[in-house]
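To start, the structure under review is shown below, and the notes come after it.
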Amino acid sequence: QKEVEQDPGPLSVPEGAIVSLNCTYSNSAFQYFMWYRQYSRKGPELLMYTYSSGNKEDGRFTAQVDKSSKYISLFIRDSQPSDSATYLCAMSGNNQGGKLIFGQGTELSVKP
Amino acid sequence: DTEVTQTPKHLVMGMTNKKSLKCEQHMGHRAMYWYKQKAKKPPELMFVYSYEKLSINESVPSRFSPECPNSSLLNLHLHALQPEDSALYLCASSQRRLANTGELFFGEGSRLTVL
């Protein structure tokens, strides 16, 4: 079993839809939870960062962490074609020695 | 625009060639990283430098040789590569040492093709 599981998709939605992206994990020591967005042929960019449990909102993006269920989510409201990209969840903890554990990445396509 | 700059953007090399990938950041970050990414896969950590010292080597073959001349620069020297080494090579940096918080800033990558 992988430490972090993420459905690779692809996921295709119409413009304006609410998108839900999810990851599950097995290591209870993870404390830091990130979502990176990667456009085709570009490097990943940090989209959302959450420490421990709870919600964090930034514009159209909301990140949720449920440590009791070992489950994290990224919601995108009013999705736009410019949101079409691969979304990678990533996690770390104080005992990871500086390593990020990435999910597989979910490929999202928002159709106009 | 990313604040981590990688050159070249594309590189084609033969298995006997020697080439180098370069990375530069001017954000004052003290940790720098090399990742390798294959198509439709997540980035895989190769090396971590913290305060210009190599702190993590993820059992990378010796045909990849990292170098950190100063806190702003990171190189990856390539020699006798194999076709399976063809990938996107990503450089990243972080403010905090070893980036336990995961706040990495990535460059756009160098796309390497080994013939």
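The values are calculated or read from the model by the stated rules, or taken from the named source; none is laboratory data. Fair warning: this is a prediction, and the values are worked out from it, not measured in the lab. So basically every Cβ, Gly included, is an ideal-geometry build from the backbone, and we count neighbours across all protein chains shown.
Quick notes
- Hey, A:A90 buried (at least 21 other Cβ atoms within 10 Å of the Cβ), of a type in the set (A, V, I, L, M) and closer than 11 Å to A:C23 by Cα or not: yes
- Every residue from the range B:66-103 that is of a type outside the set (A, V, I, L, M), modelled with pLDDT of 95 or more and crowded, with 21+ Cβ neighbours inside 10 Å: B:Y89, B:C91
- Test set (1) more than 10 Å from chain B (Cβ to nearest Cβ); (2) part of a loop (DSSP other than H, G, I, E, B) - A:N94 fails condition number: (1)
- Residues (part of a loop (DSSP other than H, G, I, E, B), within 11 Å of chain B (Cβ to nearest Cβ) and not small (G, A, S)) located in the range A:43-62: A:P44
- Of residues in the range B:67-87 being under 21 Å from B:K41 (Cβ atoms) and without any contact (Cβ under 8 Å) to a residue 60 or more places away in the chain, the one nearest to the chain's Cα centre (by Cα): B:L76
- Residue within the range B:18-36 that is under 18 Å from A:S92 (Cβ atoms), within 9 Å of chain A (Cβ to nearest Cβ) and of a type outside the set (S, T, Y) present: yes
- Tabulated pairs, the range B:22-49, first of a type in the set (A, V, I, L, M), second surrounded by 15 or more Cβ atoms within 10 Å (Cβ to Cβ) and part of a loop (DSSP other than H, G, I, E, B), C-beta under 6 angstrom, 6+ apart or interchain: B:L45/A:K99; B:M46/B:V60; B:V48/A:G98
- Residue that is surrounded by the fewest Cβ atoms within 10 Å (Cβ to Cβ), among those in the range A:71-87 that are within 11 Å of the chain's Cα centre (by Cα) and farther than 10 Å from A:E107 by Cα: A:Y71
- Count of residues meeting criterion [under 30 Å from A:A85 (Cβ atoms) and among the hydroxyl-bearing types (S, T, Y)] in the range B:51-74: 1
- Every residue from the range A:88-99 that is within 13 Å of the chain's Cα centre (by Cα) and more than 12 Å from A:Q38 (Cα to Cα): A:A90, A:M91
- The condition (being surrounded by fewer than 16 Cβ atoms within 10 Å (Cβ to Cβ), at pLDDT 95 or above and either part of a loop (DSSP other than H, G, I, E, B) or not basic (K, R) (or both)) is satisfied by just one residue among A:S28, A:S20, A:S40: A:S20.
- For the condition touching a Leu at 6+ places or on another chain (Cβ under 6 Å) and modelled with pLDDT of 90 or more, A:F75 does not qualify.
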